[in-house]
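Take a look at the structure below.
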Amino acid sequence: MFGRTKLAVESRRAGPDVLALVSVGAIASFVSLLCVVAGSYPGARPLLGVVVTGLGAGGLILFRQLRKGANSLAASEARAQYVATHDELTQLPNKALFVDRLKLAAKGVAAPSSVASFGVFEIGLDRFEEAVEVLGIDGSDEVVVELVSRLGSINGEADTIARLSDDVFAVLWPGATREGAEALAAMMIERLGAPYAAASGRAVITCSIGISFLTPDAPQPLEALRKAQLALSEARKLGGVNICVFEPSMDRALKSRKALEVELRQALADEALTMAYQPQVNAKGALIGVEGLMRWTSEKHGEVPPSIFVPLAENCGLSDVLGRFALRQAFSDAKPWPGLKVAINVSAAQVRSGGLMATLQELLAESGANPRNFELEITEGVLLADEAQTYETLNAVRRLGFSIALDDFGTGYSSLSYLRRFPVDKIKIDRSFVTHLGRRPESSAIIKAILDLAEALELKVIAEGVETEAQADRLTQLGCTLHQGFFYSEGVPAAMISDLLAGRTKLAA
């Protein structure tokens, strides 16, 4: 039932065949009428004989032409049906046909004496876009064809293998158990992860797999596909090359995220988010700058940390809106702080959108802010893709007067080539290294190496996540004299920064 597709065209031929037979039948009836006439008028028989012979030959030719046309029409219909239900490159069933197979499988699990369950696998290729960029369209097509061949060698004739999109495949596996499904998925990851050779080069493409099941207790086909998609999404969140079996908790988490997304959209529309500012100090404890931090208090969930709502905004297309809010608010709040450097986080999506410069220019004109008082913080991930556009954008931002800081330095690629190639003014030592100062000897060594690198490249350095006096002292001993963290202050309202500058209050440290 679930083997390779076989197209039957006989039913489509029936209509044209009937037309051909009717046409020939009409000619035969006319010939019969002529025969009757010939019987009544003997002198006309020679001429009528010629006519009858001609009609017979014409009828035969007409029948053959109509039959040929019928066959051609049936073949065209069959081809159109095949194209509509199959992937052009791999000839695998596409999503529409896979859903049909799922529906048939659902009927099967509902029947008494049939297959007890089906495993539904969604196989997502990790970073497939990078392979396309490296190998080109033709080379990546070669890889996909080889990948499908490997999938076919793993799965049996009873399984349906489909291509749902460029980088997502699916398998419908009869008789699946959880243990067997996980074992099959592990085999897929191993086989598909072996290197591929194309005419334009070699590539390694890993995959992640989400699994759900069609069972008598859960026989809804589209729901099984949705659950497999959700499981794949969870597997990819773990960093790729993972297997995830659907659990009800994933559904609850998804619904919670969707509800939070609706709230966030409304909060942005109502301008309900606020900004806090965490002080940055020098070795003497003097205030030399602040970092702007977004804050959101939800009516239903209370205070939602940025680690939750910032990625949520990125996933649902709100990065630009959120980033625009932070920039506008910081430009406004910083008016009473001339000469104080204000750092604002800018996401990778903002940098790559192509609209960052226009946004900055518009908001500067609106607020009258001086760009030299502001520092845009980016993460290392910003520098890893679309290098030419990123380089152009960051250079334009610097020409406008902003300085640029590289946030969380040391946790990503930390490539010397990136630091030399891109216009960076400052690097921020990630809190993970500061936290382990005094407990792990390598933390001091890493921080010292970062400081030496920054000195060679003439970059400023600030350490974030400073929470104890011992950490502050050790950083100073190593040569890092700019600090930020709870030891000095948490993020505070803009009014308190004004009080600090006016000497009306002091930092706790």
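Quick notes on this one:
- Check on residue 358, within 26 Å of residue 323 (Cα to Cα), of a type outside the set (Val, Ile, Thr) and surrounded by fewer than 19 Cβ atoms within 10 Å (Cβ to Cβ): yes
- Residue check for residue 381: in contact (Cβ under 8 Å) with a residue 24 or more places away in the chain, surrounded by fewer than 17 Cβ atoms within 10 Å (Cβ to Cβ) and over 30 Å from the mean Cα position of the chain (by Cα): no
- First in the stretch 477-503 and on the phi < 0 side of the Ramachandran plot and among the β-branched types (Val, Ile, Thr), second anywhere and surrounded by fewer than 17 Cβ atoms within 10 Å (Cβ to Cβ) and not in a helix (DSSP H, G or I), Cβ under 8 Å, 6 or more apart: 481/282; 481/283
- Residues within the stretch 142-171 that are in contact with a Phe, Trp or Tyr (Cβ under 6 Å, 6 or more places away or on another chain) and either surrounded by fewer than 20 Cβ atoms within 10 Å (Cβ to Cβ) or farther than 19 Å from residue 132 by Cα (or both), tallied: 8
- A residue that is modelled with pLDDT under 95, open to solvent by less than 70 Å² (accessible area, probe 1.4 Å), touching a Phe, Trp or Tyr at 6+ places or on another chain (Cβ under 7 Å) and on the phi < 0 side of the Ramachandran plot occurs nowhere in the stretch 78-97.
- Residue in the stretch 303-317 that is open to solvent by 40 Å² or more (accessible area, probe 1.4 Å), over 30 Å from residue 354 (Cβ atoms) and touching a residue at least 12 places away in the same chain (Cβ under 8 Å) present: no
- Residue tally, condition open to solvent by 20 Å² or more (accessible area, probe 1.4 Å) and farther than 19 Å from residue 428 by Cβ, over the stretch 397-406: 2
- Residue selected from the stretch 172-183 under the condition in contact (Cβ under 8 Å) with a residue 60 or more places away in the chain and surrounded by 21 or more Cβ atoms within 10 Å (Cβ to Cβ), by the criterion nearest to residue 85 (Cα to Cα): 172
- Within the stretch 263-301, the residues that satisfy the criterion of being hydroxyl-bearing (Ser, Thr, Tyr) and open to solvent by 20 Å² or more (accessible area, probe 1.4 Å) are 274, 297.
- In the set (1) of a type outside the set (Gly, Ala, Ser); (2) open to solvent by less than 40 Å² (accessible area, probe 1.4 Å); (3) within 21 Å of residue 168 (Cβ to Cβ); (4) part of a helix (DSSP H, G or I), the condition left unmet by residue 260 is number (3).
- Restricting the stretch 121-141 to residues that are among the β-branched types (Val, Ile, Thr) and either farther than 14 Å from residue 189 by Cα or part of a helix (DSSP H, G or I) (or both), the residue that is least open to solvent (accessible area, probe 1.4 Å): 132
- Annotation: of all residues in the stretch 190-229 being within 30 Å of residue 110 (Cα to Cα) and free of Cβ contacts under 8 Å to residues at least 60 places away in the same chain, the one that is least open to solvent (accessible area, probe 1.4 Å) is 218.
- When the stretch 451-474 is filtered for residues that are part of a helix (DSSP H, G or I), within 20 Å of residue 425 (Cα to Cα) and either open to solvent by less than 70 Å² (accessible area, probe 1.4 Å) or not hydrophobic (A, V, I, L, M, F, W, C) (or both), the ones remaining, listed by number, are 451, 452, 453, 454, 455.
The values are calculated or read from the model by the stated rules, or taken from the named source; none is laboratory data. Predicted, not measured: the structure shown is a model, and the values here were computed from it. Using ideal geometry, Cβ is built from the backbone for each residue, glycine included, and neighbour counts are taken over all protein chains shown. With ligands, DNA and RNA removed, areas are computed over all heavy atoms of the protein, side chains included. Shrake-Rupley method; radii C 1.70, N 1.55, O 1.52, S 1.80 Å.
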